[in-house]
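Only one structure is covered here, and it is reproduced in the block below.
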Amino acid sequence: MTATALSGREFVTSLMRDVESAMQRNNGVMPPGMDGPELPEPILRHWLNFAVYYEKAATAFIGGWLRTTNEPDALMQLAHQIEDEANHFVWLNKHLLEYGVAASSFTPPKEWAHLMEVFYPGLEHLVERLAAHNIASETGALGFMEYNMTKFPPAIRATVEKVSKDEKFHVAFGRRLLAKYCTTPELQERARRSTQDALNLMSAARRVFVKV
Ligand SMILES: [Fe+2]
Ligand SMILES: [Fe+2]
């Protein structure tokens with residue numbers, strides 16, 4: 001990739017195009033047995049296991065990022081995001097428990113553990129974090145929820161609607177802060193590379209997830 005001189009906003013627009021086309025490919029990769037009007041219970045439990053793990057892990061690594069977050073507006077938004085992700089963990093975990101499943105019984109596949117416990121926590125710069133997680137990852141999580149929104153049982157659907165509203169907010173402030181802080185060719189290159197890495201890891205994670 002050659003160095004370019006895009007404005008922050010132009011950069012975010014072009015990054016979103018890459019993320020959305022990757023997500024469209026991912027939305028074609030769904031577990032089998034999801035064609036009916038409702039998600040079968042085994043798939044629901046399977047998704048809840050991964051979603052609960054995702055939310056808890058996100059709470060932890062965003063917390064870790066705060067130590068090296070010096071921009072006041074980013075600090076405030078990420079701190080808010082931590083509370084949201086912790087809420088999502090609690091809400092979704094309640095549904096999981098209603099199926100008699102304890103989150104502690106779930107061992108994430110190595111692709112998921114790498115993404116959530118090594119890759120995201122290891123991102124060093126604010127622009128990499130915003131691009132790879134707030135924008136790429138959260139758009140991916142939203143993709144699954146919105147694609148299947150009408151298929152959740154009513155109580156879970158009400159939760160998923162609340163989660164999805166928050167995730168949209170995390171993408172939105174991620175875009176806003178990235179446009180503000182990602183304004184040099186060097187930073188844009190870093191953000192683009194971490195997004196591409198995240199998209200590749202996410203698509204490997206999706207391929208594992210669909211093996212119910
Ligand atoms: Fe979340
Ligand atoms: Fe989120």
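If you go through segment 64-73 one residue at a time, do you hit one that is under 26 Å from His95 (Cβ atoms) and either of a type in the set (Lys, Arg) or at pLDDT below 95 (or both)? Give the derivation first.
Residues of segment 64-73 under 26 Å from His95 (Cβ atoms): none.
Within segment 64-73 (the criterion being under 26 Å from His95 (Cβ atoms) and either of a type in the set (Lys, Arg) or at pLDDT below 95 (or both)), the answer is no, since none of the residues qualifies.
The one condition from (1) under 23 Å from Phe209 (Cα atoms); (2) more than 14 Å from ligand 1 (Cβ to nearest atom) that Gly143 does not meet is (2).
Of these, Val19, Val29, which one is buried (at least 20 other Cβ atoms within 10 Å of the Cβ) and either within 21 Å of the chain's Cα centre (by Cα) or of a type outside the set (Gly, Ala, Ser) (or both)? Working first, answer last.
Values: Val29 fails: buried (at least 20 other Cβ atoms within 10 Å of the Cβ).
Going through Val19, Val29 in turn, the sole match is Val19.
Return the total of residues in segment 16-47 being among the basic types (Lys, Arg) and under 23 Å from Ala103 (Cα atoms). If you could, list the steps in order and put the result at the bottom.
Filtering segment 16-47 for residues among the basic types (Lys, Arg) gives 17, 25, 45.
Of the ones still in play, those that are also under 23 Å from Ala103 (Cα atoms) are 45.
Qualifying residue count, segment 16-47: 1.
A single entry from Ile43, Ile82 fulfils the requirement of being part of a helix (DSSP H, G or I) and under 16 Å from Glu167 (Cα atoms): Ile82.
If a residue counts only when it is in contact with an Asp or Glu (Cβ under 9 Å, 6 or more places away or on another chain), which helices (runs of 4 or more DSSP H) contained entirely in segment 104-196 have at least 3 such residues?
Values: elements: 110-114, 126-129, 138-147, 154-181.
Per the criteria, 138-147, 154-181.
Would you mind finding the one in Ala113, Ala136, Ala102, Ala74 that is closer than 19 Å to Arg190 by Cα and away from ligand 1 (no atom under 16 Å from the Cβ)? Sole residue among the options that is closer than 19 Å to Arg190 by Cα and away from ligand 1 (no atom under 16 Å from the Cβ): Ala74. Checking each residue in segment 160-173 for being in contact (Cβ under 8 Å) with a residue 12 or more places away in the chain, more than 9 Å from ligand 2 (Cβ to nearest atom) and not basic (Lys, Arg) picks out Val160, Glu161, Ser164, Phe173.
Within segment 132-144, residues that are on the phi > 0 side of the Ramachandran plot have Cβ atoms under 7 Å from residues that are within 12 Å of ligand 1 (Cβ to nearest atom) and among the aromatic types (Phe, Trp, Tyr) in no pair, counting only partners at least 6 apart in sequence or on another chain. Restricting the first member to segment 85-114 and to residues that are over 14 Å from His46 (Cβ atoms) and without any contact (Cβ under 8 Å) to a residue 24 or more places away in the chain, and the second to residues that are away from ligand 1 (no atom under 16 Å from the Cβ) and part of a loop (DSSP other than H, G, I, E, B), the beta-carbon pairs closer than 9 Å and six or more apart or on different chains are Ala113/Thr107.
Checking each residue in segment 155-187 for being among the hydrophobic types (A, V, I, L, M, F, W, C), closer than 18 Å to Val127 by Cα, buried (at least 17 other Cβ atoms within 10 Å of the Cβ) and within 16 Å of ligand 1 (Cβ to nearest atom) picks out Val171, Phe173.
The values are calculated or read from the model by the stated rules, or taken from the named source; none is laboratory data. Fair warning: this is a prediction, and the values are worked out from it, not measured in the lab. In this analysis, Cβ positions are derived from the backbone assuming ideal geometry, glycine residues included, and neighbour counts consider all displayed protein chains.
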